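Data first, discussion second: the structure below is written as structure tokens.
The values are calculated or read from the model by the stated rules, or taken from the named source; none is laboratory data. All of these numbers come straight from a predicted model, not from anything done at the bench. So basically every Cβ, Gly included, is an ideal-geometry build from the backbone, and we count neighbours across all protein chains shown.
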Amino acid sequence: MNFNDILKDFETEAKGPKLESDKHRADDIQRLTDTWIKEKSVPELLPYAGELLDRLLVGVRKQIEFIEMNSIELQQDEREIKLLLVIVENELDRVQFLIRSYVRVRLSKIDKFAIYLRSEDEELSKLSSNETVYMEKHLELLMDLYNSQFLASMPEGLQALDEVAAGISMVEKPEYERPVFVKCKRDNHVLIDDDEIELTRNGIYVMRYSAIRDLVSNGEVMVL
Amino acid sequence: MYGDQATKLILESKRAQSLDKIPLYQHDQVRSIVREIRDLQREADVLAENNLSQLDDSAIPYASDKVKQCQLFVTHLCMRRDKRCLLAYQRQRANQIDGLVWSNVEVDRESMENLSQHEQEYLSRYNELVSEFKGAMSEVDLGGSLEPPSDVFIDVRVLKDAGEIQTEYGVFNLTKDSQFFVRQADVERLIQQGYLMRL
Amino acid sequence: MTELPPYHFTTSEINFLAEQESITILPRYTFNGTRLIGPRLPNLKALHRQQVPVWIALILKKQDRCNVVIPDWLSVSFLKQRYDEEVNQPNNFSELPWHWLPIAKMLLEKCSDDFIDATHEVRSTLQDLREIRQLKARKGIKELNEVYLQLDGLSLMEINEIRPFIIESMNQLRILSQSVKGNGQFTGIEEAAEKEDVSGLLDESEVGDYTRDSTRDSIARDTATTDSVARDSIRGSGVRSRKPDTSYGDTRDENDDEDSDVEYKKS
């Protein structure tokens, strides 16, 4: 089997009967990019983009196989094939970077807000099953550490880790009031401190996340 | 004074944030803060007891009651403050340990010796947890660089003979002055060692 | 994991995003495309224009497989026109592509032979445009308040450069103004103090449920005097940040709005 055969196989497979999903797939990298930007920019944890990631991971796997199949028998003079592989590998690296960064940003939020996240069903539903397992186990490890290090030798009344005594809570929550940059896809309005503020299409604004949280989640404004 | 040890511990944490190594675990300070908390608890118990008995004695609170109540309040404040400092100290160290685990580097003996025994245990268990998590998404090296990829392939010139190297893209015979177009990740080490030069 | 993400992007991340944009190339040779995870790379025919992502264009260019068609906006005349607009409309930013800065930089570095205009002229016009816009953005910062800020027309790289400062300042202003409005609630001030330094972080005024109610009440009464003193002094400084219109009066009145380049509205 030479390179062209493999390539042909690859093409027929790609052309297959699922044109619809093909078109779908074409936008997936853009979707991943948007999802990554959003997760990086807002203070809270957003729902896990599971379906999108699953589709992309299938694509990643296929490309890895493609590179493995073709690169081994590659000769120095096959510049053309090599160039294609260079492009394939570059794209692979780019997609892998986006996925990695997305997953890691989420993990740092999960670590930070763990006690809060697990106290609310709505928050908990934003995690993938892997993330939930990670969060629970990591908390357990931390509890064990605190306990064996000092907590267990303290008076019983002081051993809780989710105290909310008047004034200060030990439970860290996302800073919903933190300002974010947004761009509006269409005219809109928001309420801040009882003032109604007009948002114009294509306008770029900085305002507290809590004020535009709903518009972000239904996609009417883009976080930048 | 109450709280002094805790403040020292927090300052130590603050300092550690800017270090690239995790400093030695402060066993003695942690222990003395725990002891301080226990002392405070005993005091609080005594104060609360007194308050209770005086309330029984008379319905009208005396000025001295207020002083005692204030004492009790401050005692409790001190305890909570101590506790928060201990937690902050330990959490900061745990974060640094997590960073070590994710960075994928072999932890050298010196760094290991700076950790308490419980921390060493935490490190190895967290390491396991992270491997498990990574394993569930094997298509992407989740521990890899968080910098966007750039120049995945580069042109290099061979500065000194380095023999043959085997890469996914075949075998390269690195003889002096030859030039190659290679994956940067494959030759990073050779560049560092001075065998290759990036063009 | 260690730190929470910084809520902003590094320069290399913005460059990465810019590389996802499309650009037109003129292939020098014909060759087959390939399937990718994203949209497939179509077959390229010599001298037939084709749109591809910037990162692919740059790889092909490096291999001498194509010429890049320099976008219209990257010409001296276009950029000069935008510069004039910046001068004539001090309250607005002129319209430029979302990624104009990084794309201009990449093309100048890697495709300088594809430019029709002299590249040193393109460079210097770009530099002028960049500077006048930076100046505007900086002037706009004096309009900062705790409610919102409007910055239409800025590109992503430009936003990213001022982002940390704007977000941190607005956040602090909001915390201060809340502590004023909160009328006796110290939460805002504590929040602000927490950010200041370590000692602030540990300054707790918590009254736990470990004392009897009577105890708590009497202590609350005892400390009431000191509380109100502290509150007043903080209220004094809080007002200034909450109503920029009045306190910045010396530097800014109604007519002065002409000067401000970032659109700013507050009802």
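List of remarks:
- Hits in segment A:190-221 - residues which are out of contact with any Leu (no Cβ under 9 Å at 6 or more places or on another chain) and more than 23 Å from A:PRO47 (Cα to Cα): A:LEU191, A:ILE192, A:ASP193, A:ASP194, A:ASP195, A:GLU196, A:GLU198, A:THR200, A:ARG201, A:ASN202
- Looking across segment B:112-124 at every residue that is buried (at least 17 other Cβ atoms within 10 Å of the Cβ) and in a helix (DSSP H, G or I), the one that is farthest from the chain's Cα centre (by Cα) is identified as B:HIS118.
- Only residues that are in contact (Cβ under 8 Å) with a residue 24 or more places away in the chain and either in a helix (DSSP H, G or I) or closer than 15 Å to B:GLN92 by Cα (or both) were counted in segment B:1-54, giving 29.
- Test: A:MET207 is more than 8 Å from chain C (Cβ to nearest Cβ), surrounded by 17 or more Cβ atoms within 10 Å (Cβ to Cβ) and assigned to a strand (DSSP E or B): no
- Residue within segment A:4-24 that is within 22 Å of the chain's Cα centre (by Cα) and at pLDDT 70 or above present: no
- Scope segment A:133-185; condition of a type in the set (A, V, I, L, M), assigned to a loop (DSSP other than H, G, I, E, B), more than 11 Å from chain C (Cβ to nearest Cβ) and under 27 Å from the mean Cα position of the chain (by Cα); matching residues: A:VAL171
- Members of segment C:163-183 found to be without any contact (Cβ under 8 Å) to a residue 60 or more places away in the chain and crowded, with 19+ Cβ neighbours inside 10 Å, listed by number: C:ILE166, C:MET170, C:ASN171, C:ARG174, C:ILE175, C:GLN178, C:SER179
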